[in-house]
Structure formats: structure tokens, C-alpha cells
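A short write-up of the structure that comes next.
The values are calculated or read from the model by the stated rules, or taken from the named source; none is laboratory data. These numbers were taken from a predicted model, which means no experiment stands behind them. Because the Cβ atoms are built from the backbone with ideal geometry, glycine has one as well, and the counts that use them run over all protein chains shown.
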Amino acid sequence: MIARKPTILIFTVRPDEMLLREICAGIEEEGVLYEVIAQPSGDAATLAAAASGVSVLGSGVALVGCSIALHIKGMTDRSPLLGFERATPGQARDVGANSARVIKKLPFKLGEH
Amino acid sequence: MKLIAGVDIGNSTTEVCIGTRDASGFTRFLGGAMRPTTGTKGTLANVHGVKAALLAAVSEAGYQISDLSLVRINEAAPVIGDTAMETITETIITESSMIGHNPATPAGAGQAVGELIPLARLDMAREGVAYIVTVPRSYTYETVSQRINRAAERYEIKGVIMQADEAVLVENRLNKKIPIIDEVRYIERLPEGKLAAIEVALPGQSVRMLSNPYGIATLLGLDAAQTRSITPIAKSLIGKRSAVVIKTPHGNIRENVLKAGSITFDAHSSATVNIDEGAERIMQTLQNAGEIRNILGEPNTNVGQMLQRIRNGMSGVSGERAEDIRITDLLAVDTLAPVAIAGALAGETCMEKAVGIAAMVRTRQLPMQQIADALMRDLGVRVIVAGVEAVMAALGAMTTPGTRVPLAILDMGGGSTDAAVIDEDGAVRMTHCAGAGELVSMLIQTELGLASRHTAEQIKKYPLGKVESLFHLRLENGAMQFFDGSIDPRLFGHVVLMTPEGMVRIDEDIPMEKIVQVRREAKRKVFVTNALRALREVAPTHEMRRIPNVVLVGGSAEDFEIPEMLMEEFAAYRIVCGRGNIRATEGPRNAVATGLVLSYLGDV
């Protein structure tokens, strides 16, 4: 049997290390597991959609340089649920938290920073 | 052709009906309109609203203002209502401080006791003393966990209170597991050096030790008298996922304690009743007192101040002196209200028994003639004040298909619930009862502890749903609604109101079931009580069974659940009751305006 761990997938291309740490911290604080997988190329929106398709939990984040996107499996819209071109550390933490909260069915954290 | 307009200026809306009498002598209605009332009902500011409504109505019917030959304005009922709320219990005094809240992700579980010490001063700690560390937002979780790990080698670190939402992040990096509370906004209010007890509940549970007076006594070493004084704190922490209680023996807070007080009915047979005895007893005493001349509150008590506030508010509206204002009816309702706890560090409250009161005042006649004169100058059309409001409403209500005399109308507005009965001979009996939509809004606001009255008004008007995923929501009746595109992420996980303009988020974190329960109870307590009170008053020989038809009119008759509640209630009396449908087209609105047109055409 092939089983994948229930994780939120984070696809990265040349990621800003500090923002990546913040995304992971946001997910960890919510108590959900995650995996970071480096990708050869791509833009944040497309990669986030791809990550959400592979994630068992249906929640995917992408970090390309300093731009972040969050996508949920099943969303028909091509644009991501949340996206930041030049994310601040606070926005990165929130995206991480929200990628977990969407699974836990909790209200999002939006713009408290 | 002679066009007649009926105009009803209400507290919130101005309604117009246009009619004529055709060649064969039949009344024909040509149209109607509704606009918001401008200014306070009965003042000259109303003229703008009346003009707007008239214009809309005539143009809808394909005419112009100049085609009108007569405008008839209602003689508004000379009553105004107001509401107030007061708790029964006395002000709470304690010697301790507390924080209770529901962070989404606290860490660790169990309780801890120790002296409060800020993270920055950990190097001043003494050996052999138990500490609870307080951490402001400025530190990262890495710094916090490193410093606490280092300090824990020498000192007894029992727990952590954090400002940022990082409890799990810190706990995952600590060598020794301790309870950690996070999202404490007012971290700077925690007094250094004082003894504190913290508790984090097990998953799915709420705090056990700190919601129990003896639990607090055990942790903080309190004697019997101190335990008694911290009881309100324990009570306010029931149901919380985490809590902090701090022993501050010198933070004595003294406040004036006001008695709840009593109400005196100056009436046919005067009587006095204590507020403590509850709403039911108050209403019983009121009913037994007979015709009321005035209602007074005991001076220097909670209820005395509450009735004084109502008097002051009324004198602002009517222009009479507060001492001259006589309260002629009131509706008392048992409720719960949040009471601030002295010593709460983040504005925590506990729910205490309270009474909500709607009072009604008879004023001198409102200056409708002045409005009529101003309108006449403005429009160049003859304007007269005609007809008592309740009589006109009854006449208008009779245009509802399926009714016959004797017919009762129940006019449920914002400030008062009015009833009138029109019998076979055309004689009308009427009454006005204090308490209607505004009291319902107030009850919803206080019982749910809402910040704004506007939210309470909306909760009263619209059904609820909970956004369970980005693609669907569950409505309060259990039905699911699915969406093609994704729902606004700002609504995700929240309870929302299903308004005609779309979903509106409720910011307070209250379960949907609780809101539904409070909303329905508030409506029942006000409208069912008042409907029975008002109809019994106007029914022949005060027997409800002698009224065959009840037609519900007014703004609250449009509510999505009040008419059903009343129908269920009246079924016991074999009364046909339902929402009015004025002129078979207007629903429960426009009864007075329609009555004004009918009454003129009727007696030509």
C-alpha cells in the first residue's frame, strides 16, 4: 500500500529563507504537518495550485523568491485564495496559519500585522 | 378624476397610498410607495420624506403631484417608547485579578503556580522560587525558547504567558513541557512579583481548577473569606480554554453598591413590586393595578436610575420637562446581561440576571397640523390631518382578503405594540403597549454581548448560516447551500447573516445555535407577551376567544418568524391569525395609508 502523510505541501523556487521559516512557523503553531519540496521553476499561483492537488489535505502553498500563494484543492478559480507579490514576514506567517486553518475549518487570520 | 393620497408617517418609514373613486362609485387604488421617515416622527423634518414618498407613488401610478386633489395625513398616536436594561445583582468586588480567554492554540495542559517575572528580567530570578514567565510580542519564539531552556537549568520555570500567538512554536522547542498561554493582548498589565495561577485545559475540555473557587483557593493558598471574594472570578472562567488568576491582596477595589430597588404603580389600585422578584411578578402586579396614572422607581436604586434615564430620553423627544413625563405602561423581561468584573485585566465579564424594560409615555398631541400646513405650502395641494392611526390601520387591514368583522389588528412597530378591534357597528377599541422591535434588539445585543446595536438589528432581521468550507455553508435550519465560485475567505469559518445584499459576517465568536436561541427567545418574550396583553385589553369583555380574526400589520409583521410564533400561540384560542396582505398586494405594510384613502372615499 502506498500512503502519503497528511501534510500541507510547500513548493519553493529560490525561496526567501526568512519567509519560508515564517510560513512553516504559521503551520506549526496550528499543529498541522507540512513538507517543503523544491521545484525547478514556475510562478507562485501555478505552483500553489499544483501543490494543493498533490497534498492529501488539499492545501498547497508556494513560495517563489518573495512571492507567496495559497491554493485549496477544488477551487475552480485560477487565482489563488491568498497571494502576496512581496510578502512581509507577518503575511507569510498568516498564509502558513491560514493554510492550516482552512483544514481545521477555523476563521482566517487576516492582516493583523 | 379626483386623486386622493393617504400618508402615514411612522417612526422609521413614511408610507403613501394613492386612490380614486371611479364613475360607478367604486374605490380604486392606483398605487403606493414607502420611503424612510426624515427626522423624528411628528416634526417638520418629516416633510421631505412625505414629499419623496408622494412623488414616488404618483409617478408609479402615471400621474403628477398636480393631479392630487387631497392629501390626508394620519393623526399619529401620542405615545413614544424607550428601553433600558439593568442588572439585578449588586456590583462585584474582588481582591484578585484575572484573564480568561479562548486562544485557538495554547500549548501544554494542566495548571501551574508561580511568581510573575518578565522574560527580560529572568537573570534576576532567585533559586528555589517557582516562576511564571511573561513574554511580550517583541521576542521571537526562538529567543523565548532558548532563554527559557537556559533559565530552566537553574530556576523553577512553571509556566509561560505570551502576547504573540506562538505557544505551540515555543512548546515544541522546550526541553521540559509546561503549560503555555498565548494571545494575551494586555501582557503589560500583568503585575511583576505577584503570585499567579495559570491553567490550560485538555483538548476538548475547559479549565477545571480555575473555574472552581476551591481550585483557586488550593493553587493560591486562600482562606475562607478570600475564597468567597474570588467566586465571581471562578464563575466568569467557566467554559474557557485557558485562564490566569493573579493574587493581588492590596488591589482592593471599593465601589458603591446600588440596590436593585422597587417599582411603584400609581394606579387605580396602587401597588409596589421589587425588581428582584422577576419580570413575571412585575407584569402580574401591573395587570392587577388597573388603569395606570404613572410608574415610579425607588430613588437611588438601579431601577430608579433606569426609569429616570427613560424619562430624560423622552423629554428630549417630546420637549416636555422630565418631571412632567408620566410613564403609563411598561414591559419587563427577564434577561442576562454581561457585568464587568472589577480586576479583569482584559475587560472580561460574567453574565448576571437582569431585567430589560420598555416604557411608554403619553405625550401631548404631536404637531401634525404644522406638518400638514408646511406640506400644503410646498405642494400647492390641500392637506388635512384626518383619522386616528389605529382606526385607519383597522380600516386598511380589512382590505386583506379573507377577513371579516369583528376584526382585530396587531400593529407591531419599533417602540410599541398596538392593538385595535373594529366590530360589526364600526366601533373601534384600541390600546398601546410598551415594548416592540427595539426591545428585541436590545435583548439580543446584551445577551450576546454585541459591540454594536446595528449587528443586533441585523441578527433580528435575517437568518444565519455558517461558512463551513470555501464552497458551501450550512444554514441555521440545517440545509446546505453550495457555491460555484469560492466564498470570500474573510467569511470562512464565521457565522454569517443571510441578508438580501449578501452575506454579512458576525465578528463576535458565538456559536450559531446560541445566536438562534437568543434571537427566538427575545422575540417570544416581547411579542408573544405583548400580543396577548394587547388583544386581551381590546377583546370584547376581555375574552380572547371573542376575536375571530387577527391581522398582523406593521414593520415587525414582516419578520421571518414572529408571525409564525404568534400563529402557534393563537391556535389555542381558535383565532385566525396571519400576516396582513393590504389591498391583496402590499403585505403587512401600508395599512394606515390605505385606511386614510378608504375613509375619505367612504364618506363622500
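B:Lys525 meets the conditions (1) within 14 Å of chain A (Cβ to nearest Cβ); (2) crowded, with 20+ Cβ neighbours inside 10 Å in every case but one. The failed one is (1). If you filter the range B:355-370 down to residues that are surrounded by fewer than 24 Cβ atoms within 10 Å (Cβ to Cβ) and modelled with pLDDT of 80 or more, you find that the one that is nearest to the chain's Cα centre (by Cα) is B:Met368. Can you go through A:Thr46, A:Thr7, A:Thr88 and tell me which one is touching a Leu at 6+ places or on another chain (Cβ under 7 Å) and either more than 14 Å from every other protein chain (Cβ to nearest Cβ) or farther than 25 Å from B:Tyr141 by Cβ (or both)? The match here is A:Thr7.
Can you say whether A:Leu57 is more than 10 Å from chain B (Cβ to nearest Cβ), surrounded by 17 or more Cβ atoms within 10 Å (Cβ to Cβ), part of a loop (DSSP other than H, G, I, E, B) and in contact with a helix residue (DSSP H, G or I) (Cβ under 7 Å, 6 or more places away or on another chain), as far as the supplied structure shows? Yes: the conditions hold for A:Leu57. For residues in the range B:550-565 being at pLDDT 90 or above and in contact with a strand residue (DSSP E or B) (Cβ under 6 Å, 6 or more places away or on another chain), which is farthest from B:Thr13 (Cα to Cα)? Once the filter is applied, the top-ranked residue is B:Val550.
Here are B:Val333, B:Val361: which of them is under 30 Å from B:Ala593 (Cα atoms) and either in the same structural domain as B:Ser69 (by TED's automatic domain parsing) or not basic (Lys, Arg) (or both)? The match here is B:Val361. For the range B:530-564, a tally of residues being closer than 30 Å to B:Leu448 by Cα, surrounded by 20 or more Cβ atoms within 10 Å (Cβ to Cβ) and out of contact with any Phe, Trp or Tyr (no Cβ under 6 Å at 6 or more places or on another chain) returns 11.
In the set (1) more than 10 Å from chain B (Cβ to nearest Cβ); (2) outside any loop (DSSP other than H, G, I, E, B); (3) out of contact with any strand residue (DSSP E or B) (no Cβ under 7 Å at 6 or more places or on another chain), A:Arg93 fails one condition alone, (1). What number of residues within the range B:126-177 satisfy the criterion of being in a loop (DSSP other than H, G, I, E, B) and more than 11 Å from chain A (Cβ to nearest Cβ)? The total comes to 15.
Per this entry, A:Ala69 is counted among residues that are more than 9 Å from chain B (Cβ to nearest Cβ), assigned to a strand (DSSP E or B) and surrounded by 21 or more Cβ atoms within 10 Å (Cβ to Cβ). Number of residues in the range A:97-112 that are surrounded by 18 or more Cβ atoms within 10 Å (Cβ to Cβ), within 11 Å of chain B (Cβ to nearest Cβ) and small (Gly, Ala, Ser) equals 2. When you look at B:Glu508, is it in contact with a Gly (Cβ under 9 Å, 6 or more places away or on another chain) and either outside any loop (DSSP other than H, G, I, E, B) or of a type in the set (S, T, N, Q) (or both), yes or no? No; evaluated as a whole, the condition is false for this residue.
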